[in-house]
Amino acid sequence: MLDRFLSKESQRKRALKKVGDGVLHDYLSTPMVNKNTVCEDLIIVSLDLETTGLDPKKDKILSYGFVEVSHMTVRLAHSSHQLISIEEEIPEESAVIHQITDDQAATGIPLEEAMPILLRQLAGKVMLVHYASIEQNFLDAACRKLYGAPFVIPIIDTLVLARRLFERRNHTFQPGNLRLFNLRPQYNLPNYKAHNALSDAVATAELFLAMATDMFPNPSQCQLRRFITQ
Amino acid sequence: MEIELIEIRDFLAERPPFDALTEEQLDLLPKQLEIRYLRRNSAFPPEGTTGNYLYILRSGAVELLDDDENLVEKLGEGGIYTTQCQLIDISRASQGVATEDTLLYVMSCKTLQNLRDSEPSFNEHFSESMRDRLKQAVKTLKVSNNNNPLEILTGEIKGLLQKAPVTADVESSIREIALVMSAKNISSMMLMKDEQLVGMITDRDLRKRCVAAGVSPDAPVSSIMTADLTTVQEDTLIIQALMIMTKLRVHHLPVMRGDKVVGMVTATDLARHQSTNSAFFAADIRKAETLDTLASISERLPELQYQLASSSATALHIGDAISSLTDSITSRLIELAQMELGPAPVPYVWLSGGSQARREQTSHSDQDNALLISDEMRPEHAAYFEELAKRVCDGLNACGYIYCPGDAMAMNPKWRQTLQIWKKYFNTWINKPEPMALMLSSIFFDLRPVHGEFELFEELQTEILGKTRGNGIFTAYMAANALQHRPPLGFFRTFVLIHGGAHDDTFDIKHRGIVPITDIARVFALDRGLTQVNTTNRLRAAAETPILSQEMGENLIDALEFIASMRINHQAEQIGNGIDADNYMSPDELSDLERRHLRDAFRVIQDMQETLENRYQGGRFR
C-alpha cells in the first residue's frame with residue numbers, strides 16, 4: 001500500500017529488486033519516460049482488455065487489443081488483437097458484453113504466452129486506457145502470479161481526464177457521460193459499431209488525440225505530466 | 001479468420017474508390033493506415049508530417065483553398081485528398097483548413113501506388129488526366145443496350161446494315177446490272193465511278209425507265225439511273241432516315257462513312273424494324289389527320305423520354321430523338337394547316353430555335369420558332385403567313401410545347417419576316433450587341449430549318465456567319481454572356497457548394513451545367529463561322545480549328561454528355577414517379593461516384609470559362 005505514495009520510477013526500482021530473471025525483469029529494467037516529454041515525442045500504447053468479470057483475483061483476461069500512438073498519430077500497423085485461452089467456461093453475463101464465445105476463446109493463446117508479448121510492447125512507454133483500474137489491476141495480478149512482482153507503468157486514463165474536464169468546467173455529469181462511446185461525439189469522433197479489445201483501444205487512442213489537441217492547442221505545452229493520472 | 005479493425009475496413013469498403021478493391025485487399029488495408037485528429041481551425045494537411053500521404057476524412061470537414069484563398073473544394077465524411085500523391089496536381093488547392101474537428105485516415109503514397117499497380121479498376125479513380133477521368137465518367141453511363149425495343153429511336157443506321165454494299169461500275173449495261181440483281185436477289189444497286197458513288201438503280205427503275213420506256217437493255221445503265229442521290233451517314237439515327245424517306249418519297253438510301261459507301265438501307269429494312277417497335281412515333285405523326293391525334297401522340301413523349309433514359313440511351317441520342325419528333329410534329333402541323341389554307345403564295349421556311357434547333361430537346365420544352373419568308377412576299381401575303389403561324393404555334397401549344405414566355409415564336413409578327421428584314425435584324429444584333437440581343441442569342445443564334453425552302457435559311461446563315469466570323473467585338477460580348485452561368489464548385493454533404501463558399505440545397509443542372517457549355521460552343525461557332533448548331537457538333541468542329549484544342553473539345557463533349565445524362569435520369573425518375581420533370585437536382589440524389597464525376601465535369605467548364613475570360617477580355621475594347 002505504501003507504493004501508492006511513491007513515484008512510478010521508485011516503484012519500478014523497488015519492484016526490480018524483488019523480481020527474478022525473466023521477462024518482467026527485462027521490462028522493469030527499462031527506464032521510464034521522462035514526465036516532461038512533449039506529446040509529439042511520446043510513444044503511447046493504447047490498450048484494452050476483455051475479462052470474464054471485474055475482480056482480478058478470480059476473473060480472467062479473455063483478450064487484449066493494443067495500438068501504438070507516436071507523433072500524435074495512431075499507427076494501425078502497430079496494432080494487435082489476441083484472444084487468450086482460459087480453463088473454465090466463460091460466464092454468460094460477461095459474454096453478453098465482450099461477445100467472445102468459449103469456442104473462440106479456445107483458439108487463443110495461454111496467458112503465459114500473452115504476457116511476455118504485452119510486456120515487451122509496453123516497456124519504456126506510456127499505457128493509455130479508458131478506466132484504467134481494469135487493465136492496471138489485471139496486468140498487476142498476472143505479473144504477481146506469473147513472475148512474483150508487481151506491474152508498474154505510467155498511465156493516461158481518458159476517463160479520469162474527462163472527469164477532470166467536467167469538474168473544471170463545473171458541469172454536472174452522470175457516470176454514463178464518462179463512458180468511452182458517450183465522450184467521443186463531443187469531439188466529433190465517429191460512432192464505432194463493432195466492439196472488441198482492439199477497436200476499443202483504437203477508439204480510446206482517437207479520444208486521447210482529440211482531448212490532448214483540445215486541451216493544448218499549442219503542441220509545445222502538451223507534455224506527459226499534464227496527463228499522467230496514476 | 002477474424003478481420004481486425006473491421007470498422008475501418010467496412011467504412012472504406014462501401015466508398016469509391018475503395019469499393020473497387022478485392023475483399024483480400026480490403027482486409028489488409030486498415031493495418032496500412034494511420035489515424036490523425038485535427039482540431040477545428042487547424043491547418044490541413046496536418047503540419048509536422050514527413051512524406052506524402054493520401055488523406056481520407058472519417059469525420060469532420062475540410063475546406064481547400066487556392067493561392068488567393070478562394071474556396072475550391074470542401075471535403076466531408078468519406079472525402080479524399082489526393083494531391084500529395086498525384087504526379088500532376090489536378091486540383092488548384094494550395095492550402096486547407098479543418099472547419100470542424102476532423103478525424104483522418106492517412107495512407108502513404110507508396111501504399112496507394114501498390115494498390116493502384118495491382119488493381120486496374122481502383123487505379124482508374126486516380127487518373128491524373130482529366131481526359132481519362134471524363135472518359136471514365138461517360139463509361140459509367142453506358143450500360144448494356146442490347147435488345148432495346150426502342151432502338152429505332154436511338155439506334156443508328158449502321159446497326160441495320162447486314163451485307164456488304166453491292167456495287168457495279170457505272171459503265172455496265174442495263175442487262176449486266178439486271179443479271180447481278182437477279183443473281184443476288186436484291187432490289188437495288190449502287191453504281192460507282194473511280195470508287196465514288198455516282199448513281200443508283202432499283203427494280204422500279206428497270207421496270208419504268210427501261211422496259212416500259214422501251215430502252216434497250218444494252219444501253220449503259222447510266223442512262224436510266226438516278227444520279228441525284230440523297231445519302232445518309234452511317235451514324236444517322238434510324239428515325240431520321242425514316243423521316244428522310246417519307247419526306248422524299250424514296251425507298252432506298254445509300255449509307256456512307258465519310259465519302260465511302262458502306263451499304264444501303266431500304267424502307268423494308270425499316271418496316272421490319274417497325275413491326276418490333278410499338279412506339280413508332282414518327283410514322284404515327286406522319287399519318288395523323290387531326291390536331292387531336294397529334295396531341296395524343298405528343299402526350300406520350302415524356303413516357304418515351306423515360307423509356308429512353310431507362311434503356312440507357314445517350315443524352316446526345318435522346319436529345320436527337322426528341323427533337324426529331326418535335327420536327328415531325330411541326331412539319332405535320334404545317335401540312336395540316338396547308339391542307340386548308342392551300343400552298344404558300346411565296347417560298348418560306350419554318351425555323352426552329354433554341355434546344356430544338358440544337359437537337360438537344362427534352363420532352364415538352366417551350367416552343368421557340370420563327371418564319372423566314374422569301375423577299376418575293378407582297379403585303380397581301382401577310383394574312384396567309386399570319387394564319388399559318390398561328391395554327392402551327394397553337395398546335396404546338398396544344399401538343400404540350402407551351403408558348404414561349406419571351407414570345408420568340410412565328411406567331412409574333414416580329415419573328416415572321418422576309419429574308420431582307422431578318423438580315424437587318426442580325427446586322428443590328430451583331431453590330432450593337434445589346435442586352436436584348438444577347439438574351440435572344442440562345443434562341444436566334446441557334447436556328448435550324450424544319451420545313452419549307454431550306455435554301456432561304458442557308459442564305460441567312462451565310463450572311464450571319466459572314467458577319468460574326470472573326471468579329472472581335474461581337475464575340476467578346478457573346479463570351480461575356482457565356483460567362484454568366486457558372487457551374488457549382490462541387491458538393492458538401494447535402495449541399496451544393498457555389499463560388500464564395502455559399503451553400504444551396506439544390507442546383508439547376510440546366511443553367512449551371514448544360515447552358516454554360518452550350519454558350520461556350522455558340523461563341524466558338526460564331527467566331528469561326530461554323531454552320532453546326534448542335535453543341536457537340538459545334539465543339540467537334542471548333543476542335544478542328546485553332547480556337548479549341550482537341551483535348552479540351554473532347555473534355556467538353558464528355559462533360560456535356562455526363563451532365564445531360566444526369567439531367568435526363570433525374571427527369572426520368574420524376575416522370576416515373578408521376579411528377580412534372582424539372583431541372584433542380586439535390587445532392588441527396590447523387591452517389592459518391594456521380595458527385596465526383598460531376599465535379600470533374602464542372603471543373604472542365606470552369607477551366608474553359610477562365611480561358612474564355614482571358615481570351616476575349618481585351619476584344620471588347622479593340
Looking at B:375, B:368, B:394, which is the one that is closer than 24 Å to residue B:299 by Cβ, of a type outside the set (Gly, Ala, Ser) and over 26 Å from the mean Cα position of the chain (by Cα)? B:394
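Condition check ((1) crowded, with 16+ Cβ neighbours inside 10 Å; (2) at pLDDT 85 or above; (3) under 21 Å from residue B:331 (Cα atoms); (4) outside the structural domain of residue B:328 (by TED's automatic domain parsing)) across all residues:
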| site | (1), (2), (3), (4) |
| --- | --- |
| B:209 | yes, yes, no, yes |
| B:229 | yes, yes, no, yes |
| B:239 | yes, no, yes, yes |
| B:244 | no, no, yes, yes |
| B:263 | yes, yes, no, yes |
Can you spot a residue in segment B:6-13 that is away from every other protein chain (no Cβ under 13 Å) and either at pLDDT 95 or above or under 43 Å from the mean Cα position of the chain (by Cα) (or both)? yes
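Condition check ((1) surrounded by fewer than 19 Cβ atoms within 10 Å (Cβ to Cβ); (2) in contact (Cβ under 8 Å) with a residue 40 or more places away in the chain; (3) in the same structural domain as residue B:610 (by TED's automatic domain parsing)) across all residues:
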| residue | (1), (2), (3) |
| --- | --- |
| B:523 | no, yes, yes |
| B:531 | yes, yes, yes |
| B:534 | no, yes, yes |
| B:548 | no, no, yes |
Name, by its number, the condition in (1) surrounded by fewer than 20 Cβ atoms within 10 Å (Cβ to Cβ); (2) among the charged types (D, E, K, R); (3) in contact (Cβ under 8 Å) with a residue 24 or more places away in the chain that does not hold for residue B:519. (1)
Enumeration of residues in segment B:385-409 that are in contact (Cβ under 8 Å) with a residue 60 or more places away in the chain, in a loop (DSSP other than H, G, I, E, B) and buried (at least 24 other Cβ atoms within 10 Å of the Cβ): B:399, B:401
Restricted to segment A:64-87 and to residues being in contact with a Ser or Thr (Cβ under 8 Å, 6 or more places away or on another chain) and more than 13 Å from every other protein chain (Cβ to nearest Cβ), the residue modelled with the lowest pLDDT is A:86
Within segment A:190-230, how many residues are under 13 Å from the mean Cα position of the chain (by Cα) and more than 10 Å from chain B (Cβ to nearest Cβ)? 7
Being away from chain A (no Cβ under 13 Å), surrounded by 20 or more Cβ atoms within 10 Å (Cβ to Cβ) and of a type in the set (Gly, Ala, Ser), is that true of even one residue in segment B:46-63? no
Does any residue in segment B:15-40 that is closer than 12 Å to residue B:57 by Cα and away from chain A (no Cβ under 11 Å) come within less than 9 Å, Cβ to Cβ, of a residue that is at pLDDT below 95 and not in a helix (DSSP H, G or I) six or more places away or on a different chain, and which pairs are these? B:15/B:78; B:15/B:80
Residue among B:382, B:370 that is out of contact with any helix residue (DSSP H, G or I) (no Cβ under 7 Å at 6 or more places or on another chain), outside any loop (DSSP other than H, G, I, E, B) and at pLDDT 95 or above: B:382
Please find, among B:295, B:337, the residue that is more than 29 Å from residue B:459 (Cβ to Cβ), at pLDDT 90 or above and either in contact with a helix residue (DSSP H, G or I) (Cβ under 8 Å, 6 or more places away or on another chain) or in a strand (DSSP E or B) (or both). B:295
Can you pull out the helices (runs of 4 or more DSSP H) entirely within segment A:121-230 that have at least 3 residues that are under 25 Å from residue A:57 (Cβ atoms)? A:132-147, A:197-215
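Which members of segment A:179-209 meet the condition of being of a type in the set (Lys, Arg) and within 16 Å of residue B:36 (Cα to Cα)? Steps first, answer last, please.
We begin by selecting, within segment A:179-209, every residue of a type in the set (Lys, Arg); these are A:179, A:184, A:193.
Answer for segment A:179-209, where residues must be of a type in the set (Lys, Arg) and within 16 Å of residue B:36 (Cα to Cα): just A:184.
The values are calculated or read from the model by the stated rules, or taken from the named source; none is laboratory data. Small disclaimer: the values here were computed from a predicted structure and weren't measured. Cβ sites come from the backbone with ideal geometry, for glycine too, and all protein chains shown count toward neighbours.
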